[in-house]
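In what follows, a single structure is set out as structure tokens and then discussed.
The values are calculated or read from the model by the stated rules, or taken from the named source; none is laboratory data. Keep in mind it's a predicted model, so treat the numbers as computed, not measured. When we count neighbours, we look across all protein chains shown, and the Cβ atoms used for this are built from the backbone with ideal geometry, even at glycine. Just the protein is used for accessible areas: all its heavy atoms, side chains included, with ligands, DNA and RNA removed. Shrake-Rupley method; radii C 1.70, N 1.55, O 1.52, S 1.80 Å.
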Amino acid sequence: MIIDKVNNPIQVGVLGFGGLGQAAARILAPKGEMTWVAVADRKGYAYNGSGLNPDAVIKAYNQGSVAYLEPDGVLSNKSIQDLVENHTVEGYFLALPNLPNTFMADVARQFIKSGWKGVLVDALKRTSAVEQLLELQTDLQAAGITYLTGCGATPGLLTAAAAVAAQSYGQIHSVKITFGVGIANWEAYRATIREDIAHMPEYDVETARAMSDEEVSALLDKTNGIIALENMEHADDIMLELAGICDRDRVTVGGVVDTRNPKKPLSTNVKITGRTFEGKISIHTFTLGDETSMAANVCGPAFGYLKAGIALQRRGMTGLFTAAEIMPQFVK
Ligand code: NAD
């Protein structure tokens with residue numbers, strides 16, 4: 001099949017402007033194939049068809065909302081809806097918190113209802129959140145939306161790497177993802193950290209969501225800033241199962257997050273164990289460079305998948321896809 005080339009700059013938006021949203025804006029700045037034209041946060045949105053300036057938008061956000069960007073910002077308590085209804089944007093990266101666990105599926109429903117056609121990419125993490133999107137498969141297709149889910153680092157980059165690595169084997173025995181994340185302070189990634197806390201023993205999504213910033217800080221004081229997690233409910237499992245690689249119970253995800261040090265506490269890696277056609281058991285290991293940040297490993301792939309999604313959309317392919325079944329394209 002001939003791969004469609006994306007020729008004109010793609011007009012893209014970023015929904016959610018916290019840690020990942022801001023990194024996404026910076027990643028897009030030097031790109032020629034994508035222009036960042038739209039952004040929304042909880043209190044408003046900003047749009048400029050010629051492109052938004054990351055420094056100016058971050059300055060406005062730090063004053064309370066991207067809505068304070070002059071002259072392009074608009075205050076709104078239904079910012080996503082207003083942005084989508086008033087401006088044409090071809091694709092969005094959803095850098096939104098999935099709190100509650102139904103939030104991203106609600107946003108997808110909102111897009112379906114609006115009549116908008118285009119490409120959506122998320123960096124969802126939980127299996128149960130991806131399952132909710134699977135239920136929207138037919139509606140997304142009918143609406144003309146190409147939705148790529150699980151397109152961050154894990155799920156995302158590492159899941160896709162596992163799908164590629166699996167090709168050496170006749171049978172896949174296990175896929176083991178271990179991540180190390182280092183961030184200087186947790187407030188830069190509030191949703192990410194709350195969602196990680198939700199995986200700790202004695203917590204769930206609702207208790208983590210209800211915690212005040214002070215309660216999160218107090219918990220992190222007790223753990224010396226470290227969150228260590230194992231056997232997490234992570235959508236890498238359902239994505240690899242749907243891609244036909246292995247059953248979901250063969251996939252495990254765990255890791256360590258240091259919220260007080262940008263240095264990674266361990267090297268993020270995925271190990272794929274399998275058996276070759278000759279009967280040899282072997283392990284492929286794919287390890288991310290320690291210098292690459294969580295933001296680089298989430299937002300880079302997200303835009304690679306957004307470009308791939310645009311190519312699908314322009315060929316009339318709509319509906320839900322996961323990062324394990326589509327190859328991301330490199331955005332120049
Ligand atoms: P954050 O808390 O720093 O920022 C969230 C942003 O969303 C804020 O700007 C907020 O104003 C905005 N927002 C909240 N509700 C909104 C609404 N109703 N309408 C519009 N905007 C709204 O979040 P973050 O730490 O950047 O994380 C974003 C998401 O990325 C999280 O769900 C996290 O789990 C996910 N993530 C995925 C991976 C991966 O590898 N797959 C890694 C890290 C983070």
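Of everything in the stretch 36-82 that is assigned to a helix (DSSP H, G or I), near the ligand (Cβ under 9 Å from one of its atoms) and of a type in the set (A, V, I, L, M, F, W, C), the residue that is surrounded by the fewest Cβ atoms within 10 Å (Cβ to Cβ) is ILE80. Just to be sure, is ALA142 buried (at least 22 other Cβ atoms within 10 Å of the Cβ) and modelled with pLDDT of 95 or more? For ALA142, the condition - buried (at least 22 other Cβ atoms within 10 Å of the Cβ) and modelled with pLDDT of 95 or more - is not met. Small (Gly, Ala, Ser), free of Cβ contacts under 8 Å to residues at least 24 places away in the same chain and open to solvent by 40 Å² or more (accessible area, probe 1.4 Å) - does that describe any residue in the stretch 238-248? There is at least one residue in the stretch 238-248 that is small (Gly, Ala, Ser), free of Cβ contacts under 8 Å to residues at least 24 places away in the same chain and open to solvent by 40 Å² or more (accessible area, probe 1.4 Å).
Filtered by the rule that a residue be assigned to a loop (DSSP other than H, G, I, E, B), of a type in the set (S, T, N, Q) and out of contact with any helix residue (DSSP H, G or I) (no Cβ under 6 Å at 6 or more places or on another chain), the stretch 229-279 gives ASN231, ASN261, SER267, THR268, THR276. Looking at the stretch 171-196, which of its residues are more than 11 Å from the ligand (Cβ to nearest atom), farther than 15 Å from THR154 by Cβ and aliphatic (A, V, I, L, M)? Passing the criteria: ILE172, ALA184. Number of residues in the stretch 186-218 that are surrounded by 15 or more Cβ atoms within 10 Å (Cβ to Cβ) and in contact (Cβ under 8 Å) with a residue 40 or more places away in the chain equals 13.
The set of residues from the stretch 280-312 being away from the ligand (no atom under 16 Å from the Cβ), assigned to a helix (DSSP H, G or I) and surrounded by fewer than 21 Cβ atoms within 10 Å (Cβ to Cβ) comprises ALA311, LEU312. Scanning the stretch 70-80 for residues being in contact (Cβ under 8 Å) with a residue 24 or more places away in the chain and either closer than 20 Å to ASN53 by Cα or touching a Ser or Thr at 6+ places or on another chain (Cβ under 7 Å) (or both) gives a total of 6.
Out of everything in the stretch 24-35 that is in contact (Cβ under 8 Å) with a residue 60 or more places away in the chain and within 16 Å of the ligand (Cβ to nearest atom), what residue ends up being surrounded by the most Cβ atoms within 10 Å (Cβ to Cβ)? Even if it seems obvious, please write down each step before you answer.
Of all residues in the stretch 24-35, those in contact (Cβ under 8 Å) with a residue 60 or more places away in the chain come to 24, 27-28, 31-34.
With the extra rule that they be within 16 Å of the ligand (Cβ to nearest atom), the set shrinks to 24, 27-28.
On the way: ALA24: 28, ILE27: 23, LEU28: 22.
Out of the qualifying residues, it is ALA24.
Residues in the stretch 115-132: is at least one farther than 22 Å from TYR45 by Cα and open to solvent by 50 Å² or more (accessible area, probe 1.4 Å)? Checked against the condition, which is being farther than 22 Å from TYR45 by Cα and open to solvent by 50 Å² or more (accessible area, probe 1.4 Å), the stretch 115-132 yields at least one hit.
For the stretch 303-332, give me the residue count where each residue is out of contact with any Pro (no Cβ under 9 Å at 6 or more places or on another chain), under 22 Å from LEU28 (Cα atoms) and not aromatic (Phe, Trp, Tyr).
Restricting attention to the stretch 303-332, the residues satisfying the condition of being out of contact with any Pro (no Cβ under 9 Å at 6 or more places or on another chain) are 309-321, 325-327, 329-332.
Among the residues that remain, those that are also under 22 Å from LEU28 (Cα atoms) are: 309-314, 326-327, 329-332.
Filter once more, so that each one left must be not aromatic (Phe, Trp, Tyr): 309-314, 326-327, 329, 331-332.
The number of residues fulfilling the criteria is 11.
Residue count for the stretch 87-123, restricted to those that are closer than 20 Å to ILE27 by Cβ and more than 11 Å from the chain's Cα centre (by Cα): 6.
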